[in-house]
Structure formats: structure tokens, C-alpha cells
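Below: one structure, written as C-alpha cells.
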Amino acid sequence: MKYVAIYARISRDDLSDEEMKLSREKVLSLSKIKDRIKTLTTEFEENREPDWILENVYWDIESGYSSEREDLIKMFNKVERGLINVVFIKEIGRVARDPLISIPLINLAEAQKIELYSLRLGKYETKTRQMWMFDVFYNDAEYHMTKDRYKIETLSKAKQGFKLTGVPLGYKMIDKIPIVQEKEADIVKEMFQLALKGESLNNIAKKHNMGYTTVKQILMNKTYIGINVYGKYIYFQGKRIKTNDDIIEVPGNWESIIDHDTFYSVQEIIEKRSFKKIRITDNEKYLLGGVVFCYCGWKLYGTTLRNNQYYVCSNKKICRCKMKRADVLEKEVIKKIEDEISNLDHDVYDPNSKIRIRLNQLLNDNIKLENDKNDLAHKFIKVKNNDFMIDKILEEQSKIDNSILSNTEEIKRLQYILSSEQATENKKDILKKVIDFYYEKDRIKLKKLLQLAIEVRFENNYRFEIYFL
Ligand SMILES: [Zn+2]
């Protein structure tokens, strides 16, 4: 007995956009898909050999060139375990558009693990390999040819002013031309007017119950001034495909909603605002992202130029500072941190440190002064009726009080220095232990730690200081 698997590919072209969103079960219940699979099983029945038993029908939806094929993988697993002996397909070229999927199936047959049976070519045999391969590559070539033809056609249409992609709020696509929808267009006009008056994008978003990004996209969309922007991508069989062309702008074949002056004034406002925004990247490439400051006071952020990483000033439109090679700066910073840590000033731990000596002196002074104050209080009782002596004692007492007060203030200040230095020392200690480990093993973690612990401030183009937070 031979166990036979039927494999069917359902092309993206067979389903509408709505149907693409359905679950596998729902897709299978669509009558056109049922029919497709029924046809294949009928063809199987008509061609079956006496010892064939149907193991299962496997099917996947292929969207464009994607190879997420649940059932194909399931089927391959069963083949490997010897649970399937024959794979029945309509055409090898129909198994997948991608040769990387269909060729392994042929190779499995070649290795005799399974019999491959195609309706068009019959049973796979080594002597017919060329024909099978031809089917695979023909299908692949056809896909690319169709795609290229589609690209040329769509780009030439775009050149004539036809909109390639969807239309923004305010338009509706009717007979392939964006038509202004008055009610929505009024909303768009109002949004531009608000932006022109200086209203923040956030407030505009709140007012119209939209997301910030949506508002920004609307305010920057050249469709509203009748310009057709195209060229970077085309949409082919539900997939976005890079064209490797430049972005091209031509007059569109539709009506504007916003006039040029309003549109470009709003662009200026948006640009001015985003210019102030400091970009902090969370990329592990940039260990020091968010902790390095230019001598102009602005943060540096990480950027990649010709495959090298740099830190550049976020104030780059004004500041003339040099950009810094990321790997060089990072090594310097790490080394400086470690130097700093190994050169720890042990003053705070040292009982003979100047700060501690001064502190002890002040504490003793205050004890002495308190004693003097007590003595004066006793004297005060004795000289009850002598006004001259009373004045003298009161004067002395206020002198002592002032001394105690100023000593107490200095004590507080010194204790604060000691405790904050202690805290800094503790932080440095912990930092040193983890830096080496994370520098090699976990840069994102190290980055987070550095953000908590240090600031790197440049004093000029080359010199920087590290500050422990
Ligand atoms: Zn700067």
C-alpha cells in the first residue's frame, strides 16, 4: 500500500483582499476553493493506481513570493517520517512560484523517498528531470516577467497622472481617478487651517479623533495639491515591491483640495517643529545613544554612513561639531570609566581624610560649645540682680548660639558630601563589575545601564568628561 498526499497551491490571485483576511477554515469553505480541491481529488481518483490510499489533501495560500506554507511543511515532515509515499500534484510549477520550495520536492523524489506524480508530466523519473526543472523555472521566470511588465505599465500610467496607491481622506477612487468628497475634504481643509494657525498636531489629532501619525501623514500628503508621487514601490499581487527607481513627482489627474501656499507653509511649520525633536535610537549599535552631549549642549545620536557608525549632534543644522566614529568613542568612554573606577579616591573610606577630620572637629566643637552654654546658664542664675553681668552673659550666649548654628550647617554640608560620595562610590563599584561583562555579552543591557549611570559631555571636538549621575 502507498499513502498519497495531494498538494494544492491556492494563488493570491484567486482570492479578493477581503478573502485574504479570512482564516484557513473559512477560506476552505469558499465554494471556488472547494471546487478547486474537488477537481484535484477527482483527477487523483481518475489517475490512481490500485495500491494508492489517499492520506490527506494539503493546501496553502501563497501570497506573492512568500513561503509561509503551513501545510507544505506538515507534508514534508510526514514524508521524512515515511508516512507519505506519493505526492500528487497538478503541475510542479503550481506547487510554488519559488524554486526554493518546489526544487526540494523534486530532490526528495530523486532520493527515492517519495514518488512524485504530476498530472501534466506523470510520474517523476530521473530521465525526465530536465522537463520538471523546466516547469519550475518557467513558472519562476513567468512570475518575474509578469512583475516587470506590470512595473513598466504602472509606472507609465503614473507618469500620465494616474494614482497608483490608495487615496487619502477627502478623495474616493472612482473609475481609477480620485474624486473629491466635499464633506471629508472640508475636514482636511480645517486641519490645514489649524496647523497654519500654529495648532499642535497633537491637538489637531485630538480634535478629529485621529492618531498623531495619521494627522502628520495627511498634512504632508502631496495628493492634496494634485501632485502624483510615485516611483519607489509598486504593489504587485498584494505585495510591496521596490522598483529601485527615484521618487518622481508629476501633476496628478485629479483636483486639489489644498492650495500650494497653504500646503508649503504647513510643511515649514512641521519641519521647524520636528527639527527640535531629539532622536534617540534604541539600536544596540549605538551604545552611547542618549548619554553623549555635544559641546553645544545638544545630545548626540547614532547614525550609519557608508556602513560605519557615527555619533552626530542633533543640533546639526546649526552646530559645526565633528561627528565621532562610534566604535572609537565607545572604547574611549569605556576605558575612561574603567580608569576612573580604578583610580577611585578612597577619601570617603579613610578615617584620616580631611573631610572626616574637619567633621569630627566640628562635632567636638559643638559639644564644647553646648557645655559652655550650660555653664553660662548656671552663671545666669547666680548674677540675678546684676544688670551689667546679665547683658554680658546674654551677649556671650548669643555668640555661642551663632557658633553652634554655623558649625551645624557645616556639619550637615560635610555629611552630605560624604554620603553622596559614598553613593557615587557604590554606583561606580557596581558599574565596574558589570561593564566588562556586558560590553561583550549584552550591549543593549549595557546601554540601559550607561543611561542610568553616566553622562558624557564634550568640551570641544575631541575632549570629553564623564559625569556620574
Ligand atoms: Zn553640537
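Structure summary
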{"item": "Whole-number D in µm²/s for region 367-411 (Stokes-Einstein; Kirkwood sum over Cα pairs; 4 °C, 1.567 mPa s)", "result": "118 µm²/s"}
{"item": "Projected-area average for region 160-276 over all orientations - Cα convex hull basis, square nanometres", "result": "8.3 nm²"}
{"item": "Kirkwood Rh and Cα Rg combined as Rg over Rh, evaluated for the chain", "result": "1.25"}
{"item": "DSSP beta bridges in the chain [antiparallel fraction, %, rounded to 5]", "result": "60 percent"}
{"item": "Solvent-accessible area per residue, Å², over the chain with all protein chains present [probe radius 1.4 Å]", "result": "60 Å²"}
{"item": "Hull volume in cubic angstrom per residue (convex hull over the Cα atoms of region 2-143)", "result": "105 Å³"}
{"item": "Charge tally in the Cβ shell below 14 Å around Glu410, where Lys, Arg are +1 and Asp, Glu are -1, Glu410 excluded", "result": "+3"}
{"item": "Net charge of Cβ neighbours under 13 Å - reference Trp254; Lys, Arg +1; Asp, Glu -1", "result": "+2"}
{"item": "Accessible surface of the chain, 1.4 Å probe, proportion on carbon and sulfur as whole %", "result": "52 percent"}
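The values are calculated or read from the model by the stated rules, or taken from the named source; none is laboratory data. The structure presented is a predicted model; accordingly, all values stated were derived computationally and were not measured. We place every Cβ from the backbone using ideal geometry, glycine too, and count neighbours over all the protein chains shown. Calculation scope for accessible area: heavy atoms of the full protein, side chains included, ligands and nucleic acids excluded. Shrake-Rupley method; radii C 1.70, N 1.55, O 1.52, S 1.80 Å.
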